[in-house]
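Here's the structure, in structure tokens; my notes come after.
The values are calculated or read from the model by the stated rules, or taken from the named source; none is laboratory data. Note that the coordinates shown come from a computational prediction; the quantities given were computed from them, not determined experimentally. Note that we place each Cβ from the backbone using ideal geometry, even for glycine, and neighbour counts take in every protein chain shown. Note: areas computed on protein heavy atoms with side chains; ligands, DNA, RNA excluded. Shrake-Rupley method; radii C 1.70, N 1.55, O 1.52, S 1.80 Å.
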There are 2 protein chains.
Amino acid sequence: MHILILGGDGYLGWPTAMYFSNRGHDVTVVDNYFRRNACTELDVGMLYPVPTLLERARIWHELTGREIKVVIGDLKDPEIIRSFFNGRVSYQWAVNQGFTGIPATVIHYAEQPSAPYSLINYKYANITVANNLLITNNLVWALRDFSRDTHVIHIGTMGEYGTPNIDIPEGWIEIEHKGRKDKFLFPRHASSLYHTTKIMDTDLLWFGVRMWDLRVTDLMQGPVYGMETEDSAIDNRLMTLFNYDEIFGTIVNRFVTQAVVGYPLTVYGKGGQTRGYLNINDTLQCVHISENTPAKKGELRIFNQIMETFSVNELAEMTRRVGAKLGYEVEINHLENPRKESEEHYYNPTYQGLIEIGVKPHYLTDDVMEGMFQVVANYQSNIRKDVIFKGIKW
Amino acid sequence: MHILILGGDGYLGWPTAMYFSNRGHDVTVVDNYFRRNACTELDVGMLYPVPTLLERARIWHELTGREIKVVIGDLKDPEIIRSFFNGRVSYQWAVNQGFTGIPATVIHYAEQPSAPYSLINYKYANITVANNLLITNNLVWALRDFSRDTHVIHIGTMGEYGTPNIDIPEGWIEIEHKGRKDKFLFPRHASSLYHTTKIMDTDLLWFGVRMWDLRVTDLMQGPVYGMETEDSAIDNRLMTLFNYDEIFGTIVNRFVTQAVVGYPLTVYGKGGQTRGYLNINDTLQCVHISENTPAKKGELRIFNQIMETFSVNELAEMTRRVGAKLGYEVEINHLENPRKESEEHYYNPTYQGLIEIGVKPHYLTDDVMEGMFQVVANYQSNIRKDVIFKGIKW
């Protein structure tokens, strides 16, 4: 099967590319280096240097004999995504320059993925809106025009739901109102502009599904942690990028890095904010199982892609406990919350759907976090304390 | 009070400008001539020529002594909207070039307003998404940064709700689910890409209201008909633009024009599609009353802005009846529906809110339609039959 990965240079994109390549799929990745360029522009370091996407594809080919074709391009330009369907693509790197053919599955990670980035100021807000919505729209139209049978796996976010005072189902809800009934997308309201663009992605994808019988799986993912996957284990140069800064770092990755470098854990406000989390290896597993059992024609299938929930306080406590075991003295600092969000709230999401189709969760145990401490410690001298907290407010 | 009108050259924008100007307000309009340029590009005529926005402002000033300041600019550029708040604006036309000051109310009409336009092809789809969302986002950020107290009146559309199988409330719904309750935006799903961008506008505005206590009134408007307003009566050159083509013409305006020129009325499919409608004079009235009784800080106030509902078949029958009285023999043609929409469906929207705050509806009577026939007949020789139906499919 041919898998096209949009955003193939990113935190999840590159591990996904290796994962499918290792399992015998033809894989093509496309990226415009948005994340790397943003990190340079905003001067937030990464934990270790990461070879370019072309270099990684070359290393991957040398070590495994497998080909991951690479295109560097901005998917806001509709002709780029269309080139993967009309055969006009030109690969920046490939062993075989011949057109692989229309992808059976498109995995869409090509989004500006950071809530704080989207709220730095009006310019970054616009970049986020334009990037996320034009890319999704271009994808919908390429499918409409060339291949309505191609399955899209889109990464949504649990943040689309916000923290409602009722249980969160997997995407859909039946509403009874004045004696009549209908089924709707669960009404969404997010607490960042980035998360709001993901709501709007869902609006666009749902429109494409209703109008043109597209096949879409929308994975409402929680924050992901970890950096090592089975496929990267063969060579450190294949490890995915790792941010620990306020803008692009996810919380568990940040806390472990802060613990290693002796920077007090930055808990915003009361720390009762509860979210669902998952291991990067479970992202791969969920995407793989979704690919294997695709959505039907005319179906927008939604799964809540989390494996367990924690409050920020619980994560901070776990980091302190695991750190202590390894000889790190970890302080916890409750900062004035720079965000507008509920610090204590009801939270009861359903997340059975992926498990029902075969996902076996990896949980965030002390041992798993200890493994993360060990990797981060290898790069301790690279850690820049100045990027950990800048207090982007909204 | 100072009123800023975004999209002040459009079908509703210009009549709104005159309306508030005539009532003693300071009015500034901004437009990039999107609608005119699109009509030229797509070669769809208008019923009569319309002076430029600068010319209209000059005529208005000559006839009334009142000043409507004009800026020609593209609001996708955030600096344009910001200039109305930070004083850096430069007016293309004004009697007094001095900065009027921060607007008390912004009326946001600056949207690509056509469902068929948004679905011509992927390029027009992208223009629609970029235009509508970047402008709304730029507006939200300008308010956040400079004037959270300014009241925004945004024109949404009843089309955001689609045609659900339950009653349509005014924007909000309380949902009870597994023994708990919360209040949500009524879940939206529209039947065109244009209408979907208006859902996404609501997402953005609601985010701004929650995060920064903005004040927003979102008027979920149905299709508008008519061309004459009290303020344009003093001079034909002040009449608003009038489209009768498939792309920009609204249905009543189109049917009357088709009847006058002897082009069979184009009913799509069974014609049971039911929508809410309103007279252009009621748009002015609704916007005025909303301006007069603004939303509170931190309130997204939603009204369903329709005065009555009709099915397409009912509008066709009325056009035939009124036409017959005036000596036109009007044929009705049921075409294969080029759109994907329900042709028979439940439809029961609430629309009491605006009436409760003082709106006095004008209804679409035979007399009102007869008046429209008379105006259109004056321009009969301008009507181009070739633009009436092209069958843009989705």
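Can you pull the accessible area of B:Arg275 for me, 1.4 Å probe, Å² to the nearest 10?
For B:Arg275, solvent-accessible area is about 60 Å².
Between copies, how far does the label point of B:Lys390 sit from its twins, in nm, shortest first, when each point is 7 Å from Cα along Cα→Cβ?
4.6
Can you tell me the alpha carbon radius of gyration of the range B:104-239 divided by the globular rule-of-thumb value 2.2 N^0.38 Å?
After normalising by residue count via 2.2 N^0.38 Å, the value is 1.20.
Can you tell me how the range B:309-394 classifies by the Cα gyration tensor, rounded, prolate or oblate, using a/c under 1.5 as the rounded cut?
It comes out oblate by the Cα gyration axes.
Show me, for the range B:129-136, the HN-Hα J-couplings you get by feeding each phi into the Karplus relation (A = 6.51, B = -1.76, C = 1.60, θ = phi - 60°), rounded to Hz, glycine and proline as x.
Here the 3J(HN,Hα) series is 4, 5, 4, 5, 7, 5, 5, 5 Hz.
Can you grab the distance from the C-alpha centre of the range B:22-45 to the C-alpha centre of the range B:166-234, Å, no decimals?
Rounded to whole Å, the Cα centres lie 23 Å apart.
Would the range A:328-378 count as rounded, prolate or oblate if I go by the C-alpha gyration tensor, calling it rounded below 1.5 in a/c and otherwise prolate when a/b exceeds b/c, oblate otherwise?
oblate
List the residues whose amide H sits under 5 Å from the amide H of B:Ile68, counting only those 5 or more places along or on another chain, with H placed 1.01 Å from N in the peptide plane.
none
Taking each label point as 7 Å beyond Cα in the direction of the beta carbon, state the distances from A:Glu314 to the same residue in the other copies, shortest first, in nm.
5.4
How big is the charge dipole of the protein assembly as shown about its Cα centre, in debye rounded to the nearest 20, if each Lys and Arg gets +1 on its Cβ and each Asp and Glu gets -1 on its Cβ?
With Lys and Arg at +1 and Asp and Glu at -1, about 360 debye.
Can you compute 3J(HN,Hα) from phi for each residue in the range B:291-298, using the Karplus curve 6.51 cos²θ - 1.76 cosθ + 1.60 with θ = phi - 60°, rounded to whole Hz and x for Gly and Pro?
Working through the residues one at a time gives 5, 5, 10, x, 4, 6, 4, x Hz.
Top to bottom by accessible area (1.4 Å), largest first, where do A:Trp394, B:Trp60 land?
A:Trp394, B:Trp60
Could you compute Rg(Cα) / (2.2 N^0.38 Å) for the range A:212-302, with N its residue count?
The range A:212-302 yields a ratio of 1.39.
Over the range A:1-110, what is the relative contact order in percent, taking alpha-carbon pairs closer than 8 angstrom and at least six residues apart?
37 percent
What do you get for GluC sites (Glu not before Pro) in the range A:45-79 restricted to DSSP loop and a cutoff of at most 10 other Cβ within 10 Å of the site's Cβ?
none
Once the label point is set 7 Å along the Cα-to-beta-carbon vector, what list of distances in nm do you get between B:Ile127 and its counterparts in the other copies?
Reported distances to equivalent positions: 2.8 nm.
What's the local net charge at A:Thr64, with K and R +1, D and E -1, over the other residues with C-beta under 11 Å away?
Taking every Cβ under 11 Å from that of A:Thr64, the sum is -3.
Rg and Dmax of the protein assembly as shown, Cα atoms, in Å?
Gyration radius and largest Cα-Cα distance of the protein assembly as shown: 27.8, 95 Å.
How much solvent-accessible surface does B:Phe99 expose, in Å² to the nearest 10, with a 1.4 Å probe and all protein chains in place?
Result for B:Phe99: roughly 90 Å² accessible.
Accessible area, 1.4 Å probe, largest first: how do A:Glu170, A:Glu228, A:Glu176 sort?
These residues rank, largest area first, as A:Glu176, A:Glu228, A:Glu170.
When the Cα centres of the range A:273-287 and the range A:64-132 are compared, how far apart do they sit, in Å?
Value for the Cα centre distance between the two parts: 23 Å.
Compute the relative contact order of the range B:274-335 as a whole-number percentage, counting only Cα pairs closer than 8 Å that sit 6 or more residues apart in sequence. Don't skip to the answer; put the middle values down first.
On the way: 33 pairs, mean separation 24.7, N = 62.
Here the relative contact order equals 40 percent.
Ignoring ligands, DNA and RNA, what accessible area per residue does the protein assembly as shown give at 1.4 Å, in Å²?
With the other protein chains kept in place, the protein assembly as shown gives 35 Å² per residue.
Residue-wise, which Karplus ³J(HN,Hα) couplings in Hz belong to the range B:377-383, taking 6.51 cos²θ - 1.76 cosθ + 1.60, θ = phi - 60°, and x for glycine or proline?
With coefficients 6.51, -1.76 and 1.60, one gets 4, 4, 10, 3, 5, 7, 6 Hz.
Which number do you get for Rg(Cα) / (2.2 N^0.38 Å) in the range A:1-74?
Rg over 2.2 N^0.38 Å, computed on Cα atoms: 1.10.
Where the accessible area of the protein assembly as shown is counted over protein heavy atoms with a 1.4 Å probe, how much of it, in %, is carbon and sulfur?
Answer for the protein assembly as shown: carbon and sulfur cover 47 percent of the accessible area.
Can you give the extra length, in nm with one decimal, that the chain gains between A:Asn121 and A:Leu54 once fully stretched, where that is 0.36 nm per residue apart less the Cα-Cα distance?
This chain segment gains 20.9 nm when fully extended.
Find, among the trypsin sites (Lys or Arg not before Pro) in the range A:145-245, those assigned to loop by DSSP (not H, G, I, E, B) with at most 10 other beta-carbon atoms within 10 angstrom.
Taking the range A:145-245 and a limit of 10 other Cβ atoms within 10 Å, the loop trypsin sites (Lys or Arg not before Pro) found are A:Lys178.
So, how do all the Cα-to-Cα distances of the range A:1-146 break down into 10 Å bins, in percent, from 0 on up?
11, 42, 33, 13, 1
Scan around B:Gln221 for amide H atoms under 5 Å from its own, H built in the peptide plane at 1.01 Å from N, and keep only partners 5 or more places away or cross-chain.
B:Gly156, B:Thr157, B:Met158, B:Gln305
Work out the mean other chain Cβ neighbour count within 10 Å for the residues of A:181-187 and drop it here as an integer.
6
With an 8 Å cut-off on Cα pairs and a minimum separation of 6 or more residues, tell me the relative contact order of chain B in percent.
So the answer I get is 19 percent.
Among the listed pairs A:Lys198/B:Lys69; A:Lys296/B:Lys270; A:Lys198/A:Lys325; A:Lys123/B:Lys181; A:Lys393/B:Lys76; A:Lys390/B:Lys76, which are separated by more than 32 Å between their Cα atoms? All intermediate terms of the calculation are to be shown ahead of the outcome.
Values: A:Lys198/B:Lys69 38 Å; A:Lys296/B:Lys270 29 Å; A:Lys198/A:Lys325 39 Å; A:Lys123/B:Lys181 37 Å; A:Lys393/B:Lys76 24 Å; A:Lys390/B:Lys76 29 Å.
Distance filter (> 32 Å) returns A:Lys198/B:Lys69; A:Lys198/A:Lys325; A:Lys123/B:Lys181.
Quote the charge dipole size of the range A:46-196 about the Cα centre in Debye, to the nearest 20; the model charges only the Cβ of Lys and Arg (+1) and of Asp and Glu (-1).
Numbers: 15 positive and 15 negative charges, 45 e Å.
Here the range A:46-196 has a charge dipole of around 220 debye.
Pick out, from B:Gly358, B:Met200, B:Tyr11, the residue whose Cα sits farthest towards the positive end of the charge dipole of chain B, with +1 on the Cβ of Lys and Arg and -1 on the Cβ of Asp and Glu.
B:Met200
Chains B and A: what accessible area do they bury, summed, in square angstrom to the nearest 100, with a 1.4 Å probe?
Buried area (both sides, nearest 100 Å²): 4900 Å².
If I take R0 = 56 Å and measure r between the Cβ atoms of B:Glu329 and B:Phe146 in this structure, what FRET efficiency does the formula 1/(1 + (r/R0)^6) give, to the nearest 0.05?
That pair, B:Glu329 with B:Phe146, gives E of 0.45.
Enumerate the amide H contacts of B:Arg215 below 5 Å, restricted to partners 5 or more residues apart or on another chain; note that Pro and chain-start residues carry no placed amide H.
Those lying under 5 Å, H to H, from B:Arg215 are B:Val152, B:Gly298.
For the range B:245-394, which semi-axes, largest first and in whole Å, follow from the square roots of 5 times the eigenvalues of its Cα gyration tensor?
Those come to 30, 19, 14 Å.
How big is the equivalent ellipsoid of chain A along its three axes, where each semi-axis is √(5λ) from the Cα gyration tensor, reported in whole Å from largest to smallest?
Those come to 31, 27, 19 Å.
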